[in-house]
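Here's the structure, in structure tokens; my notes come after.
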Amino acid sequence: MKQMELIKALIFFLIAINLLEKLKKLLNISLCLILTFNFGYAQVPQGVGYQGVATDANGIELVNQAISIRASVLSGSANGTIKIVGYY
């Protein structure tokens, strides 16, 4: 009789371990999916914020004057090929 109770307890224990392993796998998969979708919805910036001061050749600030700005996007390095040019 005692052996039968030990066998039942052992079977119960093995079933519990099996269920915990399945739960662990499900939890890992769920976590991976949540992280994947969370990073998948990252937003792309709509522009580049930049602030600067316009100066003349002597380094004096140009205050209350109209100026023109040329912005270029270069490829590879500061001396790279011009890809985009904008005049503002």
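What follows draws every value from the coordinates through simple rules; no lab data is involved. Only a predicted model underlies this, so the values are computations on that prediction, with no experimental measurement involved. Please note: Cβ atoms are built from the backbone with ideal geometry, for glycine as well, and neighbour counts cover all protein chains shown.
Note on K25 and K2: with the Förster distance fixed at 30 Å, the Cβ-Cβ geometry gives a FRET efficiency of about 0.25. Pairs of alpha-carbon atoms within less than 8 angstrom and 6+ residues apart define the contacts here; what relative contact order does the chain have, in percent? Normalised by residue count, the contact order of the chain is 13 percent. Close amide H partners of L74, meaning residues 5 or more places away or on another chain with modelled amide H under 5 Å apart, are K83. Taking 0.36 nm per residue of sequence separation and removing the Cα-Cα distance, the F12/D56 pair yields an extension gain of 7.4 nm. Can you check what the net charge comes to around A54, using other residues whose Cβ is under 13 Å from the Cβ of A54 (Lys, Arg +1; Asp, Glu -1)? Charge balance near A54 sits at -1. Relative to the longest principal axis of the Cα atoms of the chain, the long axis of helix 2-40 makes an angle of roughly 10 degrees. Every pair of different Cα atoms in the range 2-87 enters the Kirkwood calculation, which places the hydrodynamic radius at 20.6 Å.
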